[in-house]
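Participant: Quick one: this structure, given as C-alpha cells, is what I'll be asking you about.
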Amino acid sequence: MSTKITAHKEEAHYIYEAPVRLWHWVNAFAIVALCITGYLIGKPFPSVQGEASDHYIMGYVRWIHFASAYILMVGFAGRVYWAFVGNKHARQIFLPPIHKLGFWQGVVHELLWYAFIVPEPKKYEGHNPLAALIMYFVFLWGMVFMILTGLALYGEGTGMDSWQFDYFSSWIIPLFGQSQDVHTWHRLVMWILICFAITHIYAALREDIMSRQSLIGTMISGWRTFKDSRKDD
Amino acid sequence: MHETFYEVMRRQGITRRSFLKYCSLAAAALGLGPSFAPKIAHAMETKPRIPVLWLHGLECTCCSESFIRSAHPLAKDVILSMISLDYDDTIMAAAGDQAEAIIQETIEKYDGNFILAVEGNPPLNEDGMYCIINGKPFVEQLKHTAEHAKAIISWGSCASWGCVQAARPNPTRATPVHKVPGLANKPIIKVPGCPPISEVMTAVITYILTFEKLPALDSQGRPKMFYSQRIHDKCYRRPHFDAGQFVEEFDDEGARKGYCLYKVGCKGPTTYNACASTRWNGGLSFPIQAGHPCIGCSEDGFWDKGSFYERLSNVHGFGIEADADEIGGTAAAVVGGAAAIHAAASTVKRIAQKGDDA
Ligand code: HEM
Ligand code: HEM
Ligand code: SF4
C-alpha cells in the first residue's frame, strides 16, 4: 500500500519501491547492451586480420550479450516476485484492468492529450492507463518472448541435456520450424522493444515537462509529486 | 525359415573377412566401442534379415545417389545386399508389374515386420495426381505400405520436411511423410539433408537392422547420434568466427585465408547435421571446407529463407520480402521521426500557451 505523507505544501506519494526502481535502471541498461550486442551478432564488425588466436571480438560480443541476458533474466524474475509482495503499483504493468470501462476511458483521454485535443492530462499515482497498456502488451510480453527465444538459442550452444536445451530449445525450435526462424523472430522483436524504448523515453521526458506530475524523478526517488492540487473531474 | 543377414551377405559373395571388417566399421560409425563389433557380427549371424521397402515419391534421387556412394565400398555392398532384394525402383532389377508384385509379397510375408524407407514425398493436390507410380498416386502406395510397416525412415529433406517441391508457394502441395493425413501411426525416423550423408544413412539402417530397435531420436524425430549438434559447433573455421575474422566477399583476402563464412550467409549456426565431423566423400571435404557457406539443406524450409548468401533471413508477409533489420529499422525510424515531430508540435503548443498566459 502506498504510504501518504505530507511533505512541503504539496502531496507526495511513495509509488515505486526501491526494488522496482533498481530493477528499472538495471533492466534498461541490460536492454541497451542486449540490443547493441544482438545487432552485432547478426551484423558483425568488419573483419580483422592476423592470427585467429590474437582476437576474440565475436566471442566478447556474444559474451556481453549472454552476461546481460542473465542479468536481465534474474532481474525479471525478481521483478515478478516483487509484483506479488510489493505495493499495488508494483502490480500495475502485470495486470492492467482491461475489463473496466474506466480504464479504457483513461486510455482514450491520454490519447486525446497526445493528439493535442484535450488541454491537459489527468493525474495518476501510478502509470497512466495508456502507459500501463503498452507496458503490458508490448514491453512485458516482449520481454517474455525475448527470454524464451533467447534461452532456446542459448540451449543450442550448451547442447542437448543442458537445462536450456531440454526446457527451451527442445520445444521452441520445432514450434518456429527451425533455428533460423527463431533467430529472425528474436531479432524482429528486438526492434519492437527498440520502438518501445524510443516511445517510452520520449514520453517520459515530455510528460516530465508537460504533464501535471513528476516522472523521471519518481523513477529515481520513488516519490510522485503533483504540480497542482486541482482535482480531476 | 528366414535367412539371416549373414547368409544373405554370403550369398551375395561377401567373404567372412569382409563381413567382420564391416561390423567393426559399423560399430565405429555408430559411435560404439570396438567391443561392439562382435555383438553386431553375432546379431547379423543369428537374426533373420529384416526386409526394407524403399519407395520413391517426388524427389531427385540424390538420396539414393548419396547412399550408393558410401565412403567404404564394403558398407554399401553389404547394405545393398541386405535391402535391394526387396523393392527399390531405382536400383532393383525387376520392373513393371513384377516390381509392384514384390511390394504385395513383402507385405504378406512380413506384415508389420519390414522397414519402409521413403525417398521424396507425396503431392496431395488433385488427389495426388502429380506423382503417379504404376498408374496410381504415390500417396496411395505410401499409405498402403505404411499400414503394414514396422517403422518408417524419411530419407532426405523431401520426406522429412518437404524440400524444394514444397517450397513456397508449393503448387502441388508436396507434403512431408509425417504430415500425410491418414498415414498409419508408425514410428518415423527423419534423416534430413539434401541429400543426407551416406555414412549417416548406412549407419541408421545398420543400427535398426542389427539392434532391432530405432535409434534415439530428438524432439523433431532425427537420430540424436547424427543430428544433435550444429555444423557451427564442430566447424573447423569456428576460431575465425570467435575472433571476428570473416570472409566479406568471395574473392577477398579472408576467403583465401579460410576465414569464417558467416557474413556470406553461412547457415552452419542454425543447421543440425554431421557434415563438419563426418564430412563427405569418404571424409574428403564438406561445403565449408571447399569455401562455400553452408546452405542449411537439412533444415525445415531452407528454400524459403531468402538468399543463401545472406546471414539474415527474409520475413514473408506484410506483402513484402525483407529481413528483420529492414523491417525493424524502418519501424524504428518511423517511431523516432514521429517522436521528433510530436516533440516539435509540443514545443510549439507550449510556447503558444505561454504566450496566452502572459
Ligand atoms: C531484450 C532482450 C534481448 C535482445 C534485444 C536481444 C537481441 C538479440 C539479437 C538482435 C540477436 C541476433 C539475432 C540474429 O540476427 O541471429 C540475438 C542473438 C542471441 N540472443 Fe538475444 N536478445 C535479448 C535477450 C536475450 C536473452 C534473455 C537471451 C538468453 C540467454 C539471449 C540469447 C541470445 C542468443 C543465444 C543469441 C544467438 C547468438 C549467436 O547466434 O551466436 N538473448 N539477441
Ligand atoms: C533514459 C532512459 C529512460 C528513462 C528516462 C525512463 C524513465 C521512466 C520513468 C519516468 C518511468 C515511470 C513512468 C511513470 O511514472 O508512469 C519508467 C517506467 C518504466 N520504464 Fe523506463 N526509462 C528509461 C529507459 C527504459 C528502458 C530502456 C526500458 C525498457 C525497454 C524501460 C522500461 C520501463 C518500464 C517497464 C517501466 C515500468 C516500471 C514498472 O511499473 O515496474 N525504461 N521509466
Ligand atoms: S563457416 Fe559457418 S559453420 Fe563455420 S564457424 Fe563460420 S558460421 Fe560457423
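The values are calculated or read from the model by the stated rules, or taken from the named source; none is laboratory data. Everything numeric in this text was worked out from a predicted model, so none of it was measured. Reconstructed Cβ throughout: ideal geometry from the backbone, glycine too, with neighbour counts over all protein chains shown.
Participant: Only one of (1) farther than 29 Å from A:Gly222 by Cβ; (2) of a type in the set (Phe, Trp, Tyr); (3) crowded, with 17+ Cβ neighbours inside 10 Å is not met by A:Tyr167, so which one is it?
Facilitator: Here A:Tyr167 meets the rest and fails (3).
Participant: A:Arg206 - would you say it is touching a Ser or Thr at 6+ places or on another chain (Cβ under 7 Å), more than 10 Å from ligand 1 (Cβ to nearest atom), within 12 Å of chain B (Cβ to nearest Cβ) and within 30 Å of B:Ala338 (Cα to Cα)?
Facilitator: yes
Participant: Sort through B:Arg230, B:Arg279, B:Arg238 and tell me the only one that's more than 23 Å from A:Val61 (Cα to Cα) and basic (Lys, Arg).
Facilitator: Of B:Arg230, B:Arg279, B:Arg238, the one residue that is more than 23 Å from A:Val61 (Cα to Cα) and basic (Lys, Arg) is B:Arg279.
Participant: Of the residues that sit in the stretch B:234-254 and are surrounded by fewer than 17 Cβ atoms within 10 Å (Cβ to Cβ) and acidic (Asp, Glu), which one is nearest to the other protein chains (Cβ to nearest Cβ)?
Facilitator: Filtering first and then ranking leaves B:Glu248.
Participant: Give the residues of the stretch B:255-285 that are farther than 30 Å from B:Leu25 by Cβ and more than 9 Å from every other protein chain (Cβ to nearest Cβ), sorted by residue number.
Facilitator: Scanning the stretch B:255-285 gives B:Ala255, B:Arg256, B:Gly258, B:Leu261, B:Val264, B:Gly265, B:Cys266.
Participant: I need a count of the residues in the stretch A:43-56 that are assigned to a helix (DSSP H, G or I) and surrounded by fewer than 18 Cβ atoms within 10 Å (Cβ to Cβ).
Facilitator: 2
Participant: Select, from B:Ile107, B:Ile102, B:Ile79, the only residue that is modelled with pLDDT under 80 and surrounded by 14 or more Cβ atoms within 10 Å (Cβ to Cβ).
Facilitator: From the options B:Ile107, B:Ile102, B:Ile79, the qualifying one is B:Ile79.
Participant: Now a separate question. Kindly establish whether B:Arg222 is within 14 Å of chain A (Cβ to nearest Cβ), under 18 Å from the mean Cα position of the chain (by Cα), farther than 30 Å from B:Pro38 by Cβ and buried (at least 19 other Cβ atoms within 10 Å of the Cβ).
Facilitator: When the stated conditions are applied, B:Arg222 does not pass them.
Participant: Could you check, for the stretch A:10-28, whether at least one of its residues is acidic (Asp, Glu) and either touching a Pro at 6+ places or on another chain (Cβ under 7 Å) or within 14 Å of another protein chain (Cβ to nearest Cβ) (or both)?
Facilitator: Checked the stretch A:10-28: no residue is acidic (Asp, Glu) and either touching a Pro at 6+ places or on another chain (Cβ under 7 Å) or within 14 Å of another protein chain (Cβ to nearest Cβ) (or both).
Participant: Okay, next question. Residues in the stretch A:210-224: is at least one at the interface with chain B (Cβ under 8 Å from one of its Cβ atoms) and either over 21 Å from the mean Cα position of the chain (by Cα) or in contact (Cβ under 8 Å) with a residue 60 or more places away in the chain (or both)?
Facilitator: yes
Participant: Name every residue in the stretch B:240-268 that is within 16 Å of ligand 1 (Cβ to nearest atom) and either of a type in the set (Asp, Glu) or part of a helix (DSSP H, G or I) (or both), in order of residue number.
Facilitator: B:His240, B:Phe241, B:Asp242, B:Ala243, B:Tyr262, B:Lys263, B:Val264, B:Gly268
Participant: Taking A:Phe94, is it outside any helix (DSSP H, G or I), away from ligand 3 (no atom under 16 Å from the Cβ), touching a Phe, Trp or Tyr at 6+ places or on another chain (Cβ under 9 Å) and at pLDDT 95 or above?
Facilitator: When the stated conditions are applied, A:Phe94 passes them.
Participant: Within the bounds of the stretch B:195-213, is there any residue that is hydrophobic (A, V, I, L, M, F, W, C), buried (at least 23 other Cβ atoms within 10 Å of the Cβ) and within 14 Å of another protein chain (Cβ to nearest Cβ)?
Facilitator: The answer is no, given that none of the residues of the stretch B:195-213 is hydrophobic (A, V, I, L, M, F, W, C), buried (at least 23 other Cβ atoms within 10 Å of the Cβ) and within 14 Å of another protein chain (Cβ to nearest Cβ).
Participant: Sticking with this one: Residues being surrounded by fewer than 15 Cβ atoms within 10 Å (Cβ to Cβ) and in a helix (DSSP H, G or I): count how many of those fall in the stretch B:280-307.
Facilitator: Residues meeting the conditions: 1.
Participant: Look through A:Gly142, A:Gly155, A:Gly150 and report the one residue that is in contact (Cβ under 8 Å) with a residue 40 or more places away in the chain, within 20 Å of B:His232 (Cα to Cα) and small (Gly, Ala, Ser).
Facilitator: Going through A:Gly142, A:Gly155, A:Gly150 in turn, the sole match is A:Gly150.
Participant: Go through the stretch A:29-58 and report how many residues are away from ligand 2 (no atom under 16 Å from the Cβ), closer than 27 Å to A:Met146 by Cα and not small (Gly, Ala, Ser).
Facilitator: 9
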